[in-house]
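The values are calculated or read from the model by the stated rules, or taken from the named source; none is laboratory data. No experiment lies behind these values; they were computed from the predicted model shown. No Cβ is skipped: glycine too gets one built from the backbone with ideal geometry, and neighbour counts run over all protein chains shown. Remember, those area values only see protein heavy atoms, side chains included, never the ligands or the DNA or RNA. Shrake-Rupley method; radii C 1.70, N 1.55, O 1.52, S 1.80 Å.
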Amino acid sequence: MVVRFHNLLFCLLLLTSASYAQQDLKISHGPMLGTVTDRSAAIWLRTTVPGRVSVRLSEIRPFAKELIQRIRTDENSDNTAVFHCNDLKPDTRYRYIAQADDSSYEGRFTTPGPALKKRALRVVYGYGYKHAENRMKSGRSIFMEMASRKADLVFFIGDFPYTETGAKEEVREGNRKLRSVPGFRQLTASTPTYGIYDDHDFGPNDCDGTHKNADEALAAFKEYWPNPSYGQPDNKGIYTSFVVGNAEFFLLDGRYQARKRQKTMLGKRQFEWLCRELKNSKSRYKVLVSGTQFSREKNDSWGGRYYVNEREKLFSFIFENNITGVIGISGDVHRSDVHKLPIGKDRLFYDFTPGALSRVHRTPQIPRPATTLHSYGKSGDNNMFGEIVFNPSSDKDVAVVFRSFSAKNGLIYEHRLSPADLAIQPAP
């Protein structure tokens with residue numbers, strides 16, 4: 001009798017534990033829309049505990065067929081998962097519902113296609129979020145401000161989150177904390193979102209790829225960012241490229257293969273990849289997405305003593321191969337800057353850095369470098385982001401528009417480039 005009682009009690013405890021675990025399964029972070037092509041979409045999420053999750057996807061039209069995909073989250077990847085939805089149609093609006101037990105969230109998106117090339121492409125981007133330096137009112141966030149721009153793409157380009165060592169658990173914890181900020185889900189659930197790291201979300205300040213937690217930081221990054229790809233099969237990193245509308249974006253990894261002693265930021269293989277892909281690109285615009293500025297002379301930046309020769313080699317390649325429409329967007333500096341750098345006879349390279357998402361901003365350099373077109377950093381103006389608009393070829397006067405926004409003071413600065421500024425020839 002006692003044995004039977006103990007067996008019954010044990011079974012009840014098992015059932016209770018299973019029931020509790022089932023009830024505890026929730027979507028804790030996300031969903032976040034990742035890479036979206038004309039035929040596919042990636043949807044990322046994280047759950048409170050390992051368990052089965054699903055995504056139901058359908059076109060936004062009457063009587064549309066619903067596609068259902070189910071996978072399990074796993075504690076080995078910090079309960080994160082990515083749904084890869086294939087066989088989609090170009091220029092088509094979709095609705096999805098991500099669900100785990102009784103928690104569910106909805107998102108919507110439109111696949112790119114020929115129609116996108118005929119209109120302007122809007123991108124919002126930012127870098128540098130430190131919770132201790134956030135100054136926004138309770139219930140508000142810079143992510144809500146970014147969402148108000150109704151962009152086609154979102155980029156987070158480094159120092160997002162801040163860590164001390166780049167250890168896997170530290171990177172995971174920082175990402176969880178960031179993605180719990182009000183407005184992050186609102187911004188990213190329905191807008192394709194991409195990320196790269198810089199030093200603080202890869203390792204110690206100003207680090208290169210030799211630091212002890214480099215592989216852990218890379219692994220944690222892959223868990224939280226559903227980019228199109230990560231490096232090459234035989235060359236680790238997070239670098240990749242993809243085309244949306246008239247623009248091709250090159251997400252650069254300025255840390256994992258970086259070696260200060262060898263004076264290379266990208267490493268031989270990534271540098272060769274970048275040159276090859278730039279030369280082969282058919283896009284009107286080619287955008288280099290970098291964690292550090294191309295102009296800044298700080299040691300771990302493109303203009304610093306370790307990497308400036310590699311920058312000049314890249315600029316020479318762009319000029320000598322007559323690659324047009326190339327610009328940079330960058331982060332790191334805790335200030336809003338626009339720089340123009342000579343890359344060859346009558347050719348300039350423009351680099352656009354918005355203020356940091358949540359940092360105490362640095363004041364502009366005095367005297368300003370000769371390359372500086374704009375520089376803004378003001379005490380108390382802690383929350384900023386950038387916007388880039390790429391106009392279609394039908395606009396003969398304006399090719400690119402950069403805007404720097406402040407949550408406190410609105411539009412801070414706007415800069416326009418003509419097709420001629422980017423060496424883009426008039427369409428026949």
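Taking segment 151-163 as the region of interest, how many residues are more than 19 Å from Phe249 (Cβ to Cβ) and more than 13 Å from the chain's Cα centre (by Cα)?
2
Is it fair to say Ser290 is touching a Ser or Thr at 6+ places or on another chain (Cβ under 8 Å), open to solvent by 10 Å² or more (accessible area, probe 1.4 Å), under 19 Å from Cys207 (Cα atoms) and among the hydroxyl-bearing types (Ser, Thr, Tyr)?
The answer is no for Ser290.
Between Gly344, Gly325, which is at positive phi, touching a residue at least 12 places away in the same chain (Cβ under 8 Å) and open to solvent by less than 10 Å² (accessible area, probe 1.4 Å)?
Checking each option against the conditions leaves just Gly325.
Of everything in segment 250-266, what is in a loop (DSSP other than H, G, I, E, B) and either open to solvent by 40 Å² or more (accessible area, probe 1.4 Å) or of a type in the set (Ser, Thr, Tyr) (or both)? Give them in sequence order.
Tyr256, Lys260, Arg261, Gln262, Lys263
Given the structure, is Arg269 outside any loop (DSSP other than H, G, I, E, B) and open to solvent by 20 Å² or more (accessible area, probe 1.4 Å)?
yes
I'm trying to understand the selection: among the residues of segment 35-68, which are of a type in the set (Val, Ile, Thr), assigned to a strand (DSSP E or B) and surrounded by fewer than 16 Cβ atoms within 10 Å (Cβ to Cβ)?
Ile68
Taking only segment 299-334 into account, find how many residues are under 19 Å from Leu373 (Cβ atoms) and either touching a Pro at 6+ places or on another chain (Cβ under 9 Å) or assigned to a loop (DSSP other than H, G, I, E, B) (or both).
10
Quick one: count up the residues across segment 86-101 that are assigned to a strand (DSSP E or B), buried (at least 18 other Cβ atoms within 10 Å of the Cβ) and not polar (S, T, N, Q).
Adding up the residues that qualify gives 4.
Within the bounds of segment 364-384, is there any residue that is exposed (fewer than 14 other Cβ atoms within 10 Å of the Cβ) and assigned to a helix (DSSP H, G or I)?
The answer is no; no qualifying residue exists.
Do you know which residues across segment 102-152 are closer than 19 Å to Pro392 by Cβ, open to solvent by 30 Å² or more (accessible area, probe 1.4 Å) and small (Gly, Ala, Ser)?
Ala115, Ala120
With the requirement that a residue be more than 22 Å from the chain's Cα centre (by Cα) and within 15 Å of Arg255 (Cα to Cα), what does segment 291-302 give you?
Lys298, Asn299
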